[in-house]
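Heads up, the thing below is written out as structure tokens.
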Amino acid sequence: MISEKKKKVLDIFAQGRKKYKLLDFAGAKKLFAEALKIDSEDGPSKVYYARSKHYIDNPPSDDWDGVFVMTSK
């Protein structure tokens, strides 16, 4: 059974993913940060927070297909 805390994190994460897919990286980053305040060890929120931050600083091209391409290890 999923705890109420985890349900909240999942809900916020889902909202963040919607914003991310709409290229609203600032809004997405804010939601992923909110999820991390509840559960600082939530792996998916950590990953998408970092990706959102990256795309705020380095916007993807107009034909971006949503795939994150790693440029370093």
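Before moving on, here are some points about what is shown:
- The order of the peptides 37-49, 1-13, 18-30, 53-65 by mean Cβ neighbours within 10 Å, most packed first, is 18-30, 37-49, 1-13, 53-65.
- Added length on full extension, which subtracts the Cα-Cα distance from 0.36 nm per residue, Val47 to Arg17: 9.7 nm
- Here the relative contact order of the chain, from alpha carbon pairs under 8 Å that lie six or more residues apart, stands at 27 percent.
- Rounded to 10°, Cα long-axis angle of helix 43-57 versus longest principal axis of the chain: 30
- Pairs of alpha carbons in the chain separated by more than 20 Å make up 29% of all such pairs.
Readers should treat all values here as calculations from the given coordinates under stated rules, not as data from a laboratory. Fair warning: this is a prediction, and the values are worked out from it, not measured in the lab. Positions of Cβ are backbone-derived with ideal geometry, glycine not excepted, and every protein chain shown enters the neighbour counts.
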